[in-house]
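What follows is calculated from the coordinates using simple rules that are stated; it is not laboratory data. Everything quoted here is computed from the prediction, not taken from an experiment. Don't worry about glycine lacking a Cβ; one is built from the backbone with ideal geometry, like all the others, and counts go over all protein chains shown.
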Amino acid sequence: MTVRNQTEVREEFIERIGLISQNDGLPRIAGRVLGMFMFDGGVRSFGEITEKLQVSKASVSSATRILEDRSLIKRVGRPGQRQDYFQLVDNPFPEMLENIAAGLKKSKAEVDESFAQIDPENEGAIARVGHYVKFYETLIAMAETAAASLAQQK
């Protein structure tokens, strides 16, 4: 197996994480920032992030705020520096799963609301939608169990 140019591998990884994040409802730039931190590690200044990803300061500001709110990156201080610095949290994956579980819970609540309004005599709809409720219950339980498991692996 030949080793690929690591600059290309890095760029492809960052872009893939951006696309995956976009599919999950996050801004693509937030995913790219997360991908950069996962691939590169370390601490980056706000300016370095804008430079490395070649995106606007406003985009980086929004992206870092979202990632901080989701506890995936954290702001760190540097003595004598006025600029903000960020790094990936030690183990972001349990938090990612908790965010997924929270989204699933919101979706399940919507399904539950509809389920509660189905005429009890409509047995077919009760059965089908009831299976859909169980589907969400199962996904939520799996995400929460996986998050707890990953949290123990710190």
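Ranking Val43, Ser62, Gln81 by how far each Cα lies toward the positive end of the dipole of region 6-88 (charges on Cβ) leaves Gln81 at the top.
Can you tell me how region 16-64 classifies by the Cα gyration tensor, rounded, prolate or oblate, using a/c under 1.5 as the rounded cut?
Numbers: a/c = 2.20, a/b = 1.31, b/c = 1.68.
Cα axes put region 16-64 in the oblate bin.
I'd like the chymotrypsin sites (Phe, Trp or Tyr not before Pro) in region 46-143 restricted to DSSP loop residues with at most 14 other Cβ atoms within 10 Å, sorted by number.
Numbers: sites: Phe46, Tyr85, Phe86, Phe115, Tyr132, Phe135, Tyr136; in loops: none.
Here no loop site has a sparse enough neighbourhood.
Cα centroids of region 51-126 and region 20-35: 10 Å apart. Translational diffusion coefficient of region 6-88 (Stokes-Einstein, Kirkwood radius from Cα pairs, 20 °C, 1.002 mPa s): 170 µm²/s.
Mind checking the full-extension length gain between Ile126 and Glu51? Use 0.36 nm per residue of separation minus the Cα-Cα distance, one decimal, nm.
21.6 nm
The angle separating the long axis of helix 6-23 from the principal Cα axis of greatest extent in the chain is about 30 degrees. What residue among Ala125, Ala101, Ala63 shows peak mean-square fluctuation when the chain is described by a Gaussian network model with Cα springs under 10 Å? The residue that fluctuates most here is Ala125.
So what is the relative contact order for the chain, in percent, with contacts set as C-alpha pairs under 8 Å and at least six apart? Working shown, then result.
On the way: 162 pairs, mean separation 26.9, N = 154.
The normalised contact order for the chain reaches 17 percent.
Which aspartates and glutamates does Lys108 reach when only Cα atoms under 14 Å apart count, and residues fewer than 8 places away in its own chain are ignored? Those aspartates and glutamates meeting the cut-off are Glu137.
Taking Glu113, Glu121, Glu144 as the candidate residues, the one with maximal mean-square fluctuation in a Gaussian network model of the chain, Cα springs under 10 Å, is Glu121. Nearest 10 degrees is fine. How inclined is helix 123-152 to the longest principal axis of the chain, computing both from alpha carbons? Relative to the chain, helix 123-152 is tipped by roughly 30 degrees.
One entry in (1) 73, 46, 35; (2) 42, 37, 27; (3) 68, 44, 33 is Cα extents along the principal axes in Å calculated from the shown coordinates; its label is (3).
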